[in-house]
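Single-structure report; data block below.
The values are calculated or read from the model by the stated rules, or taken from the named source; none is laboratory data. Because the structure is a prediction, the values reported are computed rather than measured. Note that each Cβ is placed from the backbone with ideal geometry, even for glycine, and that neighbours are counted across all protein chains shown. Side chains are part of the model used for accessible areas, which takes the heavy atoms of the whole protein and leaves out ligands, DNA and RNA. Shrake-Rupley method; radii C 1.70, N 1.55, O 1.52, S 1.80 Å.
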Amino acid sequence: MMLRKQWIAPALGFTLLLSSSAGAFAAPKEEPVQVQSVQFIGMEAPKTAEEKAQMYSKASVEVTYTDGTKQVFPLHYETLYKPGDVIGGKTAGVTTDVYGHIFTKSDGTPYVTQAPDINTLISVPGMPEDTYYMVTHQESMPKSETGGRLPSNMLLNTVKQDKQTGKLTVTDTNPIDFSSVHGVLSPCAGSLSPWNTHLGSEESEPDARAHEANPGKSTATDFARSYYNNPQMIGNPYYYGHVPEVSVKADGSVHVVKHYSMGRMAFERVKVLPDQRTVLYGVDSNPGGLFMYVADHAGDLSAGTLYAAKWHQTGTDNGGAADLEWISLGHAADKEIERMADTLKFSDIFEATNDPAVGQAGGYTRVRTAGNGKKDEWLKVKPGMEKAAAFLETHRYAAYLGATVELNKMEGIDFNEQDNKAYFAISYLENTMTENPGAPADDIHLPKISAGGVFELAFDHNMKSSDGKKIHSKYVPSKVSGLVMGEDLSTPDPDGNQANVDKIANPDNVVYSPRPENPVHRGGFRFA
């Protein structure tokens, strides 16, 4: 990172100005000043009720330069906009039906989101240098006046940047049209792909078995009746629980797809690794698994091979450690799985029972996933339905094949290219991650840490899947270990905190921020 007369760093929330002298005579050539290191200076945990109810920061960073000088810059949050703000004559945070009509209350005012989530800032070729697009998730909307569930959505915002101060200003906002892919259900975390598209997530994975038993009361039907403005409509659970990809052109036109070949689950944040083929998943379910997708071609997630991890525990200290084995679930293309989703129902794919006697006598496999109310069920894949099971019932099929489906509220993944490591968060290290000898499988048996923690993944470039076939990626996680863990308190502190406030507690998404070359610390974390 080099500093000349002026350097803008909006990501850190500060502007640094270097003065220069002007004279009548030619000055010697100015040598650039470099940042030698950046030190984060923390803050105390919120103490008052007012502090706990607002978003603020009293933290700062100390920047040391190569000439030995230092400067301290306070960090603070900048609000771009709030749901309900009017931007360019449009209300921010609204949602629409399949026809693009904005949902409004009886008084004519629009409903606005209660849960804006990830923002992805995209620099699109052909746009002015100071103009960007920003995709914003609206994870959920309030219920309508009649009690119905309004559909979630994403927004495309136009953002201008003041190049002198770094300040961002939203100048326009529009709901993104997902009608070509049946709408989008509970978009949560997201990321910017290496090829400059937005990779989102559908964090809701409607239970297709429960839907088939009572289709009128399912999540998929609830969503569909609202989105299509049809109280008689029956939804399709297999249309939801996928990775949406949003491509934006300079003129603001948007193209959306859902990647059915990446499996169906409660996605959190997906991370594309530097080969632009390997993708690791954070899956926000309880219990859930760790998944990897290896695309057939770089920069194209429309076809590839899906893998699920099996945890072979090697330690319990500091959150534990394990070797990872990868089970191939199969290869597929988006279009073929989408065609299956159009026509198949759960009973076409599996024979299932909740009766242990029937399951044990009939050659079924016992599993426990987020489906079936997190209770045991006995499954048998119907002949020829292995691919449908793998990509439409991913967690059930992964458990069926022996993959580890015991992670508890696993959150987003990020990658440290300098050290070839990846990181993911576990919000609560408890329940299925502790010893459960009566469960269908008990691969993970760690000491309970309700405050959760962050884990590190190490890679191997020459791994084979459990069937002996080479995995065609040099970014295959081979080991996992606890890295930064929270600490539970035996009794709550005077403020009622149940975890040590000087450590992390219940981390959600995690992002790794690389630093300039530094012999001691090469990077750091940011938690959400």
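Among ALA333, PRO356, GLY402, whose Cα projects farthest towards the positive end of the dipole of segment 308-405, with charges put on the beta-carbon of Lys, Arg (+1) and Asp, Glu (-1)?
The residue sitting most towards the positive pole is PRO356.
Search the structure for amide H atoms under 5 Å from the amide H of SER186, placed 1.01 Å from N in the peptide plane, and list their residues when 5 or more places away or on another chain.
Excluding prolines and chain starts, which carry no amide H, the hits are SER152.
Highest mean first, how do 278-286, 498-506, 399-407 rank when packing is the count of other Cβ atoms within 10 Å averaged over residues?
Taking the mean over residues of other Cβ atoms within 10 Å, the ranking is 278-286, 399-407, 498-506.
Assign one of three labels to segment 365-510, namely rounded, prolate or oblate, based on the Cα gyration tensor with a ≥ b ≥ c the square roots of its eigenvalues; rounded applies when a/c is under 1.5, prolate when it is not and a/b is larger than b/c, and oblate otherwise.
oblate
Roughly how many Å is it from the Cα centre of segment 111-145 to that of segment 351-392, as a whole number?
Going from one Cα centre to the other spans 39 Å.
When the dipole is taken about the Cα centre of segment 379-528, and only Lys, Arg (+1) and Asp, Glu (-1) are charged at their Cβ, what size is it in debye, to the nearest 20?
Once rounded to the nearest 20, the dipole reads 840 debye.
Step through the table entries LYS271/LYS479; LYS52/LYS271; LYS82/LYS448; LYS47/LYS143, compare each Cα-Cα distance with 28 Å, and write down the pairs that go over it.
LYS52/LYS271; LYS82/LYS448; LYS47/LYS143, as the Cα separations exceed 28 Å there.
Once the dipole of the chain is set up with Lys and Arg at +1 and Asp and Glu at -1 on Cβ about the Cα centre, which of CYS188, ILE87, GLY126 lies farthest towards its positive end?
My answer, from the dipole projection, is GLY126.
If we sort 362-368, 481-487, 238-244 on the protection proxy, mean other Cβ atoms within 10 Å, highest first, what's the order?
Going from most to least packed, we get 238-244, 481-487, 362-368.
Show which aspartates and glutamates lie in cross-link reach of LYS58 when reach means a straight Cα distance below 13 angstrom and same-chain residues fewer than eight apart are skipped.
The reachable aspartates and glutamates, counting only those whose Cα sits under 13 Å from LYS58, are GLU44.
Using r as the Cβ-Cβ distance of GLN34 and THR314, and R0 as 56 Å, what FRET efficiency do you calculate, to the nearest 0.05?
0.85
Taking all protein chains as present, what is the carbon and sulfur share of the accessible area of the chain, in % to the nearest whole number, probe 1.4 Å?
That fraction is 50 percent.
Taking Cα atoms, how many degrees apart are the long axis of helix 334-343 and the longest axis of the chain, rounded to 10 and kept between 0 and 90?
Between helix and principal axis, roughly 40 degrees.
Once you order the gyration tensor axes a ≥ b ≥ c over the Cα atoms, which shape class does segment 214-273 get: rounded for a/c under 1.5, otherwise prolate or oblate by comparing a/b with b/c?
Oblate.
Could you provide, to the nearest whole Å², the per residue accessible area of segment 332-378 with probe 1.4 Å?
Counting only protein heavy atoms, the per-residue value for segment 332-378 is 51 Å².
What does the extension gain come out to for LYS105 and HIS255, with contour length at 0.36 nm per residue minus their alpha carbon separation?
Extending this stretch completely gives an extra 51.0 nm.
Could you sort the peptides 262-274, 290-302 by per-residue average Cβ neighbour count (10 Å cutoff), highest mean leading?
Highest to lowest by the protection proxy: 262-274, 290-302.
Pop a pseudo-label 7 angstrom from the Cα along the beta-carbon direction at both THR491 and THR434 and give the gap in nm to one decimal.
Result for the modelled spin labels: 2.1 nm.
Divide by every residue of the chain the summed helix terms, -39500 (n - 2.57) for each DSSP H run of at least 4, and state the resulting mean residue ellipticity at 222 nm, rounded to the nearest 500 deg cm²/dmol.
Computed mean residue ellipticity for the chain: -2500 deg cm²/dmol.
Give me the one-decimal nm value for the distance between modelled label points at THR79 and SER57, 7 Å along each residue's Cα-to-Cβ direction.
1.7
Taking the alpha-carbon distance from LYS464 and a cut-off under 13 Å, which aspartates and glutamates remain once sequence neighbours fewer than 8 residues away in the same chain are dropped?
Within reach: GLU325.
For a test of the definition: using alpha carbon positions, the gyration tensor, and the 1.5 limit on a/c, classify segment 121-221 as rounded, prolate or oblate.
prolate
Might you report the magnitude of the Cβ-based charge dipole of the chain about its Cα centre, with Lys and Arg at +1 and Asp and Glu at -1, to the nearest 20 debye?
Result for the chain is approximately 560 debye, rounded to the nearest 20.
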